[in-house]
1. Tell me which residues, restricted to the range 92-107, are within 18 Å of the chain's Cα centre (by Cα), over 16 Å from R126 (Cα atoms) and not aliphatic (A, V, I, L, M).
2. Taking D290 and the conditions (1) more than 26 Å from F65 (Cβ to Cβ); (2) surrounded by 13 or more Cβ atoms within 10 Å (Cβ to Cβ), which numbered condition does it fall short on, given that it satisfies the others?
3. Out of curiosity, is R142 in contact (Cβ under 8 Å) with a residue 12 or more places away in the chain, surrounded by fewer than 17 Cβ atoms within 10 Å (Cβ to Cβ) and closer than 20 Å to F65 by Cβ?
4. Restricting attention to the range 147-196, and to residues there that are hydroxyl-bearing (S, T, Y) and out of contact with any Asp or Glu (no Cβ under 7 Å at 6 or more places or on another chain), which single residue is nearest to A251 (Cα to Cα)?
5. When only residues in the range 60-78 that are over 18 Å from L133 (Cβ atoms) and of a type in the set (A, V, I, L, M, F, W, C) count, which is surrounded by the fewest Cβ atoms within 10 Å (Cβ to Cβ)?
6. Just need a number here: residues in the range 108-133 that are in contact with a strand residue (DSSP E or B) (Cβ under 9 Å, 6 or more places away or on another chain) and of a type outside the set (S, T, N, Q).
7. Can you name the residue in the range 166-213 that is over 21 Å from K14 (Cα atoms) and of a type in the set (D, E, K, R) and is also surrounded by the fewest Cβ atoms within 10 Å (Cβ to Cβ) among such residues?
8. Hey, could you check the range 229-287 for residues that are polar (S, T, N, Q) and closer than 21 Å to A57 by Cβ and say which is modelled with the lowest pLDDT?
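The values are calculated or read from the model by the stated rules, or taken from the named source; none is laboratory data. Computed from a predicted model, the values in this text were never measured in an experiment. Note that each Cβ is placed from the backbone with ideal geometry, even for glycine, and that neighbours are counted across all protein chains shown.
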Amino acid sequence: MPLRPTAAAAGTWKLGGDLPVNRLGYGTMRLPQIGPALNTASAPRDRAEAVALLRRAVDLGVNHFDTAAFYFSSAHSSNDLLRAAFSPYADDLVITTKVWPARKPDGTWWYAEPHQLREQVEDNLRALGRDRLDVVNLRIPRSKATGSIAEHFGALADLREAGLIRHLGLSNVTAVHLAEARAIAPVVCVQNIYGLGEAPETTALLRTCGEQGIAFVPFYAIAGAGREAGTTGAEEERVLAVARAHGVSPAEVRLAWTLHQGPHVLAIPGTGDPAHLEANVASASLRLTDEEVALLSTPAVPA
């Protein structure tokens, strides 16, 4: 009988040197609703089904969950579902959240000033039912892509000193942001969009993180340009060819390629489908050849 796929097959990484996580994790953005994420028109997912999916992920070896207070539907939030599934939390379960952006109940976005970050952190603590947050990422809004993050990151560093946060990370950042933040406080992870076909500067940041002992956590590794809406368009032939060779789905190939980018690279694919969850976890066991990694890493030729 073949061994059951497990997230541990991809290996582990210690966030901050003291929080070991399996490199194949789970992103909760799609969990609260059925349909496009971060869309107030999307129907809420059945609560019992969502909780069961989270628990199934743990059964499959997932111990790293990514969330945010702005991941919610009309019925529930990711934080609420995580608390329902796991509280009281096991010692080996790591929850990573993010602050700065926020959404009002009608879906309207707003962005916190530095002094408002404490309120966002405390909201996460209450919703999750935690005394301290494992990791908080400062999620840089697109409108601030070229600005300083020193005031915001400094405010989070103060909350870390106050004991509300264990470790700090960054999301949607540049190498300049990373250097600015590290001059203020330790950074344990960088969470950026990354996958097949990303720009060279993104790969350079991934490599920089590895050199500095910082986890690099790609999002949209499967969806790519589809982002919140999910995978769109026809799959590339080279991805299909590798998938056929291994008898797996293109999504599994994309995740496996992502994990092949370095031992510090973590993956947090999200889904509300139990079968997709099983397939995502199975990608942790998929070993690509050097030739396949090179083929997939070659820039695609425009049609």
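1. Within the range 92-107, D92, W100, P101 qualify.
2. For D290, the failing item is (2).
3. Values: in contact (Cβ under 8 Å) with a residue 12 or more places away in the chain: yes; surrounded by fewer than 17 Cβ atoms within 10 Å (Cβ to Cβ): yes; closer than 20 Å to F65 by Cβ: no.
When the stated conditions are applied, R142 does not pass them.
4. Result: Y194.
5. The first filter runs over the range 60-78 and keeps only residues over 18 Å from L133 (Cβ atoms), leaving 60-62, 73-76.
Among the residues that remain, those that are also of a type in the set (A, V, I, L, M, F, W, C) are: 60, 62, 75.
Numbers: L60: 21, V62: 24, A75: 15.
Selected residue: A75.
6. Here the count works out to 13.
7. Going through the qualifying residues, I end up with E201.
8. Among residues in the range 229-287 that are polar (S, T, N, Q) and closer than 21 Å to A57 by Cβ, the one modelled with the lowest pLDDT is T231.
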